[in-house]
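The values are calculated or read from the model by the stated rules, or taken from the named source; none is laboratory data. No experiment lies behind these values; they were computed from the predicted model shown. Positions of Cβ are backbone-derived with ideal geometry, glycine not excepted, and every protein chain shown enters the neighbour counts.
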Amino acid sequence: MAFLRASSPHTHNPNTTHRVMREVLLATLPGVAVLTWFFGLGTLSNILIACLFGLGLEAAVLKMRGRPIAFYLKDLSALVTAVLLAIALPPASSWWLIGVGMIASIVVAKHLYGGLGYNPFNPAMVGYVVLLISYPQYMTLWLAPENLSVQGAIFDITTLFELVFGGLASTTMDGLTAATPLDVFKQTAGLTAQDIYAQKAIFSQGLFAGAGYEWVNIAFLLGGLYLLMRKVFTWHAPIAMLVTLALFATVFYDAGSSNSGGSPLLHLFSGATMLGAFFIVTDPVSSATSNRGRLIYGALIGALVYIIRVWGNYPDAVAFAVLLMNFAAPFIDYYTVPRTYGHKKAQRATHTGGQ
Amino acid sequence: MSNADYKEITRTGLWSNNPALVQLLGLCPLLAVSGSVVNALGLGLATMLVLVGSNMAVSLIRHAVTEAIKLPAFVMIIAAFTTCTELLMQAFTYELYQILGIFIPLIVTNCVILGRADAFASKNRVLPSIYDGLMMGLGFGAVLVVIGAVREVLGQGTLLADMHLLLGDGVDLTLHVFGDNYPSFLVAVLPPGAFIVAGLLIAAKNAIDSTIERKRAAQKIIVKGSKRVRTTGKVA
């Protein structure tokens, strides 16, 4: 019997891109389900349209670049980008809005930089920010959760079609949309946190962080924990982000006075916090690479999210914070190169002098 | 270069050494004011005027200035022509002058102009220098107008809007490319759009160049094959 000698490392890695991406898609399911439960069919239409655009654009660009199309489509990375962008967009967005976002994501942010694995910025967040900057009038309309909206309208197929394929009259729109919890909190600077929770329907109908939104975040948290359990990513970046965000929120909570920045629970379970922490911040391509680097990377994202949410112009800030830190990721990597086994101390990634 | 090759000057200015696409000079105004065709055309014409004038003047005094005072002299000349252009625009296209604002006086710092004065006009006779200024200005202006057109169409859904600023009152060439209800695409209007469009134009130019190169190489192979038939004499 032949003795097969294999050289080290002897472990083999089942983490193919296809498997990782499939797990991520699976993990979004609870979040998508809860989003649909509270905000209607718009989430599903978003995902469907974004996936169609994602696959079409990916195939078209791969063809232009002369790469194998089926091979790259099978790694599902375009679908993950599409789903993440679709979840981030307001439910029942117009088809062309999603299309423009997907062009920015797939063509500009991903393939112009060299394709999967070469993109310095998270493609879904680039698409989101391009849309947010370009079309604030559409991006800042978020449908109201079912119990605050015209009853049944967001589950009505005809309304959905009108929203997606034609402009709905603005009066109808007004009945369907409402300010998000973070926006409400930002706009009511004169009230104490207690008053806001009592007076504003979005809070009084919910438990601790806004009707609907808290459950969406809990669902994404569950999806994220699933991914963590499946070892798709390490805990460092998401936990660092959440802890820093909670820390900032605690420090500036100011006992819920009219100057309060909002309670830690509000910041953790509203807006895009959990989606960002477990699905965006953990992007292996555009984040820092070492564990220590990821701690810094995540913590700074958490800090930026709080800073922009409370003292900036936008009610939510995950996309901006992530893109800003994508810029900084190579810099963080430079200073956090781990110690190699057998070497005395960690070295910087590059050094000019000959040592 | 005593016998100036006008064809070569044309080719370098407009294509092979295009100031905006190859030398990547003067990017500041290129990116800042290329939001619409009329702005782009206005600044392109102003830059061309300064470029032609400064090339002419530098060429005229090229034997009189020494190496030591060369650059200050060039800058003085360019500044003078920029001031003239600014005053002209103030007199004839006042609204456009106000829109372009600081970028008209900033023409003085446009590296294309000092670059051509130093690299070409100070070594060549007057007529070729003027022609070089014209071609470089045209090359720069053409890129500026193309970027302006792309950004105007994407950003506002119009083309050639507000041309009356440049051509006088009563001229309305506005085309609504996507109909009247086009929601403006702000990224194209903002500076990132200028960077992206400029990058795409450079990529397009490189793609065209490499296609031409490939075609030329393909033709050469045929020539090679015909030589192989020769059995005597020199085979290249």
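Residues being within 13 Å of chain B (Cβ to nearest Cβ) and small (Gly, Ala, Ser): count how many of those fall in the stretch A:109-142.
3
Inside the stretch B:175-199, can you point out the residues that are crowded, with 16+ Cβ neighbours inside 10 Å and more than 11 Å from chain A (Cβ to nearest Cβ)?
Of everything in the stretch B:175-199, those that are crowded, with 16+ Cβ neighbours inside 10 Å and more than 11 Å from chain A (Cβ to nearest Cβ) turn out to be B:194, B:197, B:198.
Considering only the stretch A:107-124, I want to know if a residue exists there that is touching a Phe, Trp or Tyr at 6+ places or on another chain (Cβ under 7 Å) and of a type outside the set (A, V, I, L, M, F, W, C).
yes
Which condition number does residue B:38 fail, the rest of (1) under 19 Å from residue B:111 (Cα atoms); (2) in a helix (DSSP H, G or I) being met?
With respect to (1) under 19 Å from residue B:111 (Cα atoms); (2) in a helix (DSSP H, G or I), residue B:38 is out only on (1).
Among B:168, B:137, which is the only one that is surrounded by 21 or more Cβ atoms within 10 Å (Cβ to Cβ) and either more than 14 Å from chain A (Cβ to nearest Cβ) or in contact (Cβ under 8 Å) with a residue 24 or more places away in the chain (or both)?
B:137
Are any residues in the stretch A:187-212 without any contact (Cβ under 8 Å) to a residue 40 or more places away in the chain, not polar (S, T, N, Q) and not in a loop (DSSP other than H, G, I, E, B), and if so, which ones?
A:195, A:196, A:197, A:198, A:203
Can you tell me which residue within the stretch A:161-186, out of those that are in contact with a helix residue (DSSP H, G or I) (Cβ under 6 Å, 6 or more places away or on another chain) and in a loop (DSSP other than H, G, I, E, B), is modelled with the lowest pLDDT?
Among residues in the stretch A:161-186 that are in contact with a helix residue (DSSP H, G or I) (Cβ under 6 Å, 6 or more places away or on another chain) and in a loop (DSSP other than H, G, I, E, B), the one modelled with the lowest pLDDT is A:168.
Mind listing just one residue for me: the one in the stretch A:322-335 that is in contact (Cβ under 8 Å) with a residue 24 or more places away in the chain and closer than 16 Å to residue A:302 by Cβ and, of those, nearest to the chain's Cα centre (by Cα)?
Within the stretch A:322-335, the match that is nearest to the chain's Cα centre (by Cα) is A:322.
Just to be sure before I move on: is residue B:86 of a type in the set (Asp, Glu) and either exposed (fewer than 13 other Cβ atoms within 10 Å of the Cβ) or farther than 29 Å from residue B:160 by Cβ (or both) in the structure I sent?
Here the answer is no, as residue B:86 does not meet what is asked.
Looking only at the stretch B:11-35, count how many residues are over 11 Å from the mean Cα position of the chain (by Cα) and outside any helix (DSSP H, G or I).
Total satisfying the criteria: 3.
From the list B:8, B:86, B:67, exactly one residue is part of a helix (DSSP H, G or I) and either more than 30 Å from residue B:207 (Cβ to Cβ) or of a type in the set (Ser, Thr, Tyr) (or both). Which is it?
On the way: B:8 fails: either more than 30 Å from residue B:207 (Cβ to Cβ) or of a type in the set (Ser, Thr, Tyr) (or both); B:67 fails: part of a helix (DSSP H, G or I).
Result: B:86 is the single residue among B:8, B:86, B:67 that is part of a helix (DSSP H, G or I) and either more than 30 Å from residue B:207 (Cβ to Cβ) or of a type in the set (Ser, Thr, Tyr) (or both).
Got a sec? Which of B:17, B:3 is modelled with pLDDT under 90, surrounded by fewer than 21 Cβ atoms within 10 Å (Cβ to Cβ), in contact with a Lys or Arg (Cβ under 9 Å, 6 or more places away or on another chain) and at negative phi?
Of B:17, B:3, the one residue that is modelled with pLDDT under 90, surrounded by fewer than 21 Cβ atoms within 10 Å (Cβ to Cβ), in contact with a Lys or Arg (Cβ under 9 Å, 6 or more places away or on another chain) and at negative phi is B:17.
Okay, residues lined up against (1) surrounded by fewer than 24 Cβ atoms within 10 Å (Cβ to Cβ); (2) within 21 Å of residue A:279 (Cα to Cα); (3) under 20 Å from the mean Cα position of the chain (by Cα):
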residue	(1), (2), (3)
A:46	no, yes, yes
A:63	yes, no, no
A:78	no, yes, yes
A:102	no, yes, yes
A:116	yes, yes, yes
A:120	yes, yes, yes
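Within the stretch A:187-202, restricting attention to residues that are among the polar types (S, T, N, Q) and buried (at least 16 other Cβ atoms within 10 Å of the Cβ), which residue is farthest from residue A:176 (Cα to Cα)?
Taking the stretch A:187-202 as the starting set, the residues that turn out to be among the polar types (S, T, N, Q) are A:187-188, A:192, A:194, A:199.
Now restrict to residues that are buried (at least 16 other Cβ atoms within 10 Å of the Cβ): A:188, A:192.
Numbers: A:188: 21, A:192: 27 Å.
Here the answer is A:192.
Residue B:34 versus (1) surrounded by 17 or more Cβ atoms within 10 Å (Cβ to Cβ); (2) over 30 Å from residue B:153 (Cα atoms): which is the lone unmet condition?
(2)
Among the residues of the stretch A:89-108, write down those that are within 11 Å of chain B (Cβ to nearest Cβ) and assigned to a loop (DSSP other than H, G, I, E, B).
Once the filter is applied, which keeps residues that are within 11 Å of chain B (Cβ to nearest Cβ) and assigned to a loop (DSSP other than H, G, I, E, B), the stretch A:89-108 yields only A:94.
Please find, among A:276, A:271, the residue that is surrounded by 24 or more Cβ atoms within 10 Å (Cβ to Cβ) and assigned to a loop (DSSP other than H, G, I, E, B).
A:271
Please go through the stretch A:279-299 and give me each residue that is surrounded by 20 or more Cβ atoms within 10 Å (Cβ to Cβ) and in a helix (DSSP H, G or I), ordered by number. Can you show your working first?
Of all residues in the stretch A:279-299, those surrounded by 20 or more Cβ atoms within 10 Å (Cβ to Cβ) come to A:279-283, A:286-288, A:293-299.
Correct list: A:279, A:280, A:293, A:294, A:295, A:296, A:297, A:298, A:299.
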